[in-house]
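Asks: This structure is in structure tokens; I'll ask about it shortly.
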Amino acid sequence: MSKTVLVSGGAGFIGSHVTVGLSQAGYDVVIADNMSNCDETNYKGVCAILGKQLPFVKMDFCDAAAVDALFNKYRIDAVIHFAAYKAVGESVAEPLKYYKNNLGSFLNVLEASRAHGTHVLFSSSATVYGEPEKTPVTEESPRQEATSPYGNTKQMCEDFLRDCVRAYGIHGIALRYFNPIGAHPSALIGELPRGVPNNLVPYITQTAAGKRECLSIFGNDYPTEDGTCLRDYIDIVDLAKAHVCAVTRMLEDKMDEPYEIFNIGTGRPVSVLELVKAFEKVNGLKLNYKIAPRRAGDVTAIWADPTLAEKKLGWKATRSVEDTLASAWAWEKHIAGKN
Ligand code: WQD
């Protein structure tokens, strides 16, 4: 009998791609989302890609009774928790909003998982490493004090999961994502930022589409080869596959420890300027950009050592940054055509 995976935040950017990956791998998937930061585009896209309707529950994970009811209704073998606010700047201005939502919802997931013996995969972030002393970072690299409440919630949720695994006999995995970008090759699901994008790639695609006048490159005086920051841009479909590998590892009892952490990145540093140039080249267009002052809070350079994920999850990034940037542009054109 196939196993059932609950995807909280399954209508969002990462959740929708993970849902497709899980379903294609043979899992039954239940999507739950309060739609606070998205519309139905990705849910409809998921169903179109899969050629079937998936169970969808509109609910808020801060509502403990609703979470309990959900776990009682479906026999859930594992939960992947994405439902959270994710704007770094907003979290600095409104820390309580972030602490209440991101911690409260995860506590409810953990409570229900304890009651039902459900395994938990948490979507963490490379932000937990702060400005690393050494690059690339391994899972053993020290976590640094968070520079935003958003980053702090990622660290705290990792700790909540570790402690609950120890105490309650469930299994847990935290995946630390680097910079997820791109879209599904079908261009039916992708990132739908509300308002002005904070992240680089949606800003690039919106500028190329004429929705934004000019991309600002935040700083070209960093101590890197071309002076712009280095990041590890991980393709969203590759990222989704890492979740399938991790869930399978949990459900097939293949974990070495009941709580494990994996970096999910490519292992390749790419500068902001390199990314912009790769976007121009692969899509055959010129991007309007200018050099602007540094953005507060940005680290100079961070990229993953993904060795552990390859060894233990059997997972490795495969899509080239060019293909990923082509998919991001295809998605931008797809949504521009709908508006
Ligand atoms: C990448 C690079 C910018 C926009 C953040 C969160 C992280 C994770 C992913 C999300 C940096 C530069 C950006 C622009 C630019 N969480 N940039 N002009 O900051 O590495 O990570 O998003 O949910 O936790 O911190 O990603 O895409 O914002 O920036 O020059 O208009 O692009 O300075 O060097 P970041 P990003």
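Asks: Pairs under 7 Å by beta carbon, first residue within 23 Å of residue 119 (Cβ to Cβ) in the range 44-71, partner part of a loop (DSSP other than H, G, I, E, B) and aromatic (Phe, Trp, Tyr), six or more apart or different chains?
Replies: 67/61
Asks: While we're on this one: Of all residues being assigned to a helix (DSSP H, G or I) and surrounded by fewer than 18 Cβ atoms within 10 Å (Cβ to Cβ) in the range 163-184, which is nearest to the chain's Cα centre (by Cα)? Just the residue, please.
Replies: Across the range 163-184, the extreme among qualifying residues is 163.
Asks: Still on this model: Go through the range 194-219 residue by residue and tally those that are surrounded by fewer than 17 Cβ atoms within 10 Å (Cβ to Cβ), more than 22 Å from the chain's Cα centre (by Cα) and part of a loop (DSSP other than H, G, I, E, B).
Replies: Selection size over the range 194-219: 5.
Asks: Exactly one condition in (1) under 20 Å from the mean Cα position of the chain (by Cα); (2) small (Gly, Ala, Ser); (3) closer than 24 Å to residue 151 by Cβ is false for residue 292; which is it?
Replies: (1)
Asks: Looking at the range 77-89, I want the residues that are without any contact (Cβ under 8 Å) to a residue 60 or more places away in the chain and within 15 Å of residue 178 (Cα to Cα) and have a partner that is of a type in the set (Ser, Thr, Tyr) and within 13 Å of the ligand (Cβ to nearest atom) with Cβ atoms under 9 Å, at least 6 apart or on another chain. Which pairs are those?
Replies: none
Asks: Select, from 144, 155, the only residue that is part of a loop (DSSP other than H, G, I, E, B) and of a type outside the set (Ser, Thr, Tyr).
Replies: Selected residue: 144, the only one of 144, 155 that is part of a loop (DSSP other than H, G, I, E, B) and of a type outside the set (Ser, Thr, Tyr).
Asks: Inside the range 1-64, counting only strands (runs of 3 or more DSSP E) that do not spill past its ends, which hold 1 or more residues that are more than 23 Å from residue 85 (Cα to Cα)?
Replies: The qualifying strands (runs of 3 or more DSSP E) are 4-8, 28-33.
Asks: Here's another thing I want to ask about it. Scan the range 128-146 and tell me whether some residue there is aliphatic (A, V, I, L, M), in contact (Cβ under 8 Å) with a residue 60 or more places away in the chain and under 30 Å from residue 335 (Cα atoms).
Replies: no
Asks: Between a residue in the range 324-335 that is buried (at least 24 other Cβ atoms within 10 Å of the Cβ) and any residue that is among the hydroxyl-bearing types (Ser, Thr, Tyr), which pairs come within a Cβ distance under 8 Å, given they are 6 or more apart or on different chains?
Replies: What qualifies is 324/233; 328/205; 331/205; 332/205.
Asks: A further question follows. Only one of 103, 121, 96 is in contact (Cβ under 8 Å) with a residue 40 or more places away in the chain and in a helix (DSSP H, G or I); which?
Replies: On inspection, the qualifying residue turns out to be 103.
Asks: Given the residues 224, 228, 205, which is the only one that is β-branched (Val, Ile, Thr) and in contact with an Asp or Glu (Cβ under 6 Å, 6 or more places away or on another chain)?
Replies: 205
Asks: Residues in the range 282-303: is at least one in a helix (DSSP H, G or I), under 25 Å from residue 126 (Cα atoms) and modelled with pLDDT of 95 or more?
Replies: No: zero hits.
Asks: Quick check: anything in the range 304-316 assigned to a loop (DSSP other than H, G, I, E, B), modelled with pLDDT of 95 or more and within 13 Å of residue 232 (Cα to Cα)?
Replies: Yes, the conditions are met somewhere in the range 304-316.
The values are calculated or read from the model by the stated rules, or taken from the named source; none is laboratory data. Since we're looking at a predicted model, the values are computed, not measured. Please note: Cβ atoms are built from the backbone with ideal geometry, for glycine as well, and neighbour counts cover all protein chains shown.
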